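Report on one structure; see the data block that follows.
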Amino acid sequence: MTAGTETRPESGTRGDEIRIGIALSAMGFVLAGLGACVAILARDLDEPPSRLALLSSGFAVGLLVVALVGPRLLRSWSIPTAMAFGSVVCAFGAALIAVAPAYAVVIAGTLCVGLGGAMLTLVAPLMLNGPTAAVRLSRVNAVASGTGILAPLTIGAIDGLGPSGRLAMLAAAPPLLLLAVLTRRTSTIPPVTAAVGRPADEPFRPESGRVEQPVAVLIDSAPAVGLGRKWRGRVGRQVVMDVGIGWLRVVLSVSVEFCFVVWAVARLVATGLPTATAALLGSAFPIGMAAGRAIGPIRWRGWSPVLPSGALAACGTLMVSLFDSPAIVALGLVVAGLGVAPLYPVTLASLVATPGLSSARLSAIGAMASGTAILLAPAILAVLARAVDLRTAYLVTLPLIGVLLLLSRRSGRTSFV
């Protein structure tokens, strides 16, 4: 390996981190703002809050579409082109949500946010590829979590001043458009065609001849998403079972998280708070999430970190559901955020580490699990809220947490973390 090869992973590190940091921070702002916008859009458009469940569904559809189509696009598009496209589409979607005059326009906006945001998520590991990829991705995700706290605070403040608080979503558009401009000034990164279909342990050798170590990206996701007969015959039944359990654990963890992301502010409104105040207090959940991500998974003896985190999330759920005091509900959101924060990173890391299959294929399965959860869980909670009320419907997260805890025990072959 030449000297040039050795320094390649660190070249452009600061610029790449800045671009990915801008992308994920803007996305974090938009996603955290969706929950606050549910109550405000219901008021502005005179729609029942339960019907606004499709806000998260639109994002989930975009994620699923890009998980299937994105890897094929990256065979012909350069990474800067894909990033610029995702930035512009995501900015357009955020603007539609902010100014939408009708329900259909809002759904179109969330679909654009899903498509653009998923494209940004797809290229992030490629931009930060190299031996320090995990550290750099953790850094930019921590910044994105912190930015998410600002969304409900900004939305609530603007709504309290008179204009509709959803206008705050426009704040995500300028940095995303700036990102699209910045990518035009970067050196062209070739399409990732050369990486498609290579063995998991084989380095990626682009046209320049320099060696890039592989990273867990969704390059070959399209043919790898299903657990089809051909795949079962190639990797073995035990691997299929391990991957199936890992997939379900990711679905459960993301389901719990997005029930809170989408419906936290609506739950606060149901306690009798004005919409603007509820939007401000809606920052309680992302604050808990940011603190939980900063602390990291709680490890004690041989216990899975999912167990204490799940127990904490369950306690927060009970506080949100059983009490009707705004202060207790807000405190419950903080507690739930602390517990929920490590669940997705831990379950996804466990899935990607499953032996017997390439990390690229496992990452694709994880993306499909996330999209499935975001598509279904908030919508199911909305259906339950129509049948009973939102306060009681929140209890649906308890069986989700219970099944997740059950699946997180040590198995005979794999220690699920």
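The values are calculated or read from the model by the stated rules, or taken from the named source; none is laboratory data. Keep in mind the model is a prediction, meaning the values are calculated, not measured. Please note: Cβ atoms are built from the backbone with ideal geometry, for glycine as well, and neighbour counts cover all protein chains shown. These area figures cover heavy atoms from the full protein model, side chains too; ligands, DNA and RNA do not enter into them. Shrake-Rupley method; radii C 1.70, N 1.55, O 1.52, S 1.80 Å.
Remarks
- Test: residue in the stretch 100-108 that is under 27 Å from Cys259 (Cα atoms) and open to solvent by less than 20 Å² (accessible area, probe 1.4 Å): yes
- Filter pass, Leu68 being surrounded by fewer than 20 Cβ atoms within 10 Å (Cβ to Cβ), under 18 Å from the mean Cα position of the chain (by Cα) and farther than 20 Å from Phe285 by Cβ: yes
- In the stretch 36-53, the condition of being in contact (Cβ under 8 Å) with a residue 40 or more places away in the chain, crowded, with 24+ Cβ neighbours inside 10 Å, of a type in the set (Ser, Thr, Tyr) and part of a helix (DSSP H, G or I) is met by no residue.
- Those residues of the stretch 315-331 which are in contact (Cβ under 8 Å) with a residue 24 or more places away in the chain and either under 18 Å from Pro152 (Cβ atoms) or touching a Gly at 6+ places or on another chain (Cβ under 6 Å) (or both), in sequence order: Gly316, Val320, Pro326, Val329, Ala330, Leu331
- Top-ranked residue of the stretch 269-325 - restricted to ones that are hydroxyl-bearing (Ser, Thr, Tyr) and either over 20 Å from the mean Cα position of the chain (by Cα) or not in a loop (DSSP other than H, G, I, E, B) (or both), ranked as surrounded by the fewest Cβ atoms within 10 Å (Cβ to Cβ): Ser325
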